[in-house]
Amino acid sequence: MTPTASNQILAEGKTKVLRPGEQPEEVRVTFKDAATAFNGEKFQEIPGKGTLNARISAILFELLNQQGIPTCFVGKGASENELIYRNLAMIPLEVVIRNFAYGSVVKRFKFEEGMAFKKPLIEFFYKSDDAGDPQLTDEMIDELSILPAEANLDAIKLLAFQVNEVFLNYFKAINVRCADFKLEVGLDKSGNLMLGDELSPDNFRFRDADTGQVMDKDAFRFDLADLTESYQELLRRLEGHPGVPDTSGLSNAYMASIRVQSRKNILNPESKTILNALHTMGYASVQELRAGKEFSLKLTASSLIEAEKQIKTIGEDILSNPVIEDYSYILRLA
């Protein structure tokens, strides 16, 4: 029998099932009770795990939505283990943020386990079980054409660091060390970059800030603790906390590079003058030239989100002429 639209499976992975939503641009995501580790080599059905992951993901997605970070999350579904997402075209890229040294980074670089990094580290991995999720450099991402034309790596990095900043403040308030986590991103139908996948202990490393108690999939991965009890303890803390701590009084330093260039196919007077001069000097091989300016700024703000708002205003209203120029920026911790 042909499945109805509501029960038709659009995609199924190790821990989630996607089905059509009630709205054309939405999907229903069912979280399974499967626990996996080491690319599926270790597997166990744990009753209630899917519900725990759905509830934790819903809290953390809503937290980010409230901070203005774009995510796929629309709301809770009809059952406790179901969430409603915007339908995204996912990018096969795993974005890993590391605040403390745990897991593979300790083996690869001999860091002392649990040490805090000077600044958050970011790593990229190709999302491919067949290839073993290999690590990628920026150049390899470009060579493999992993990113669609509408996306760029700098925007993905900024989004990941913004998410991390929110989480560091939030989890500190509930006495949890957010050691590291994996994000996945995609594009909506308008080409907007958004956070997708899930925000559960399956994709994070959480430790109690005082005791080191495990509250993530390491409990199952290395048989360190009971997975259900570990996830329940994290959920208890999340549900008992009202929201993101007020960071408006904080003053963090950020560095920004803003590049302003004449729009493609618009030859402004400066570009035309320089191009003509090059041709006169014998450089006829130069076919196109776009004059531009680059600015380096150091600024203070309460968060990366607020810093980005400042940079956008500066770029649009002060540094560029929107009629003939485009601008781009890179923003990071100072």
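Each reported figure results from applying straightforward, stated rules to the coordinates on display, with no laboratory input. Just so it is clear, the structure is predicted and the values come from calculations on it, not from any experiment. Virtual Cβ from ideal backbone geometry, glycine too; neighbours counted across all protein chains shown.
Mean-square fluctuations from a GNM of the chain, with a 10 angstrom spring cutoff on Cα atoms, peak among Glu316, Glu82, Glu62 at Glu316.
Computed from the Cβ-Cβ distance with R0 of 35 Å, the FRET efficiency linking Ile9 to Glu150 stands at 0.80. For a quick check, take a GNM of the chain with Cα springs below 10 Å and name the residue from Ala301, Ala284, Ala101 with the largest mean-square fluctuation. Ranking Ala301, Ala284, Ala101 by mean-square fluctuation puts Ala284 first. Residue by residue, segment 11-21 carries 3J(HN,Hα) couplings of 7, 9, x, 5, 10, 9, 10, 10, 10, x, x Hz when phi is fed to the Karplus relation 6.51 cos²θ - 1.76 cosθ + 1.60 (θ = phi - 60°); x denotes Gly or Pro.
Given all pairs of different Cα atoms, what value in angstroms does the Kirkwood hydrodynamic radius of segment 98-155 take? Please report the intermediate quantities before stating the final value.
Values: mean 1/r = 0.0755 Å⁻¹.
Evaluated over segment 98-155, this radius sits at 13.2 Å.
Look at (1) 49; (2) 43; (3) 58: the one that is percent of Cα pairs over 28 Å apart derived from this structure is (1). Estimated purely from DSSP H runs of n ≥ 4, each contributing -39500 (n - 2.57), the mean residue ellipticity at 222 nm for the chain is -8500 deg cm²/dmol once divided by its residues. Full extension of the chain segment joining Ser251 with Asp130 gains 39.1 nm, where the gain is 0.36 nm per residue of separation less the Cα-Cα distance.
Which residue fluctuates the most in the chain, going by a Gaussian network model with Cα springs under 10 Å, if the choices are Ser285, Ser230, Ser104? Among Ser285, Ser230, Ser104, the largest mean-square fluctuation in the Gaussian network model of the chain belongs to Ser285. A crude spin-label estimate for the pair Glu139 and Phe295, with each label 7 Å from Cα along the Cβ direction, gives 3.2 nm.
Remind me, relative contact order of the chain in percent, using alpha carbon pairs under 8 angstrom and six or more residues apart? Before the final figure, lay out the partial values.
Values: 583 pairs, mean separation 46.0, N = 334.
Answer for the chain is 14 percent.
Between the Cα long axis of helix 269-280 and the first principal axis of the chain there is an angle of about 60°, rounded to the nearest 10. Restricting attention to segment 214-334, lysine pairs at least eight places apart or on different chains and with alpha-carbon atoms under 29 angstrom apart total 11.
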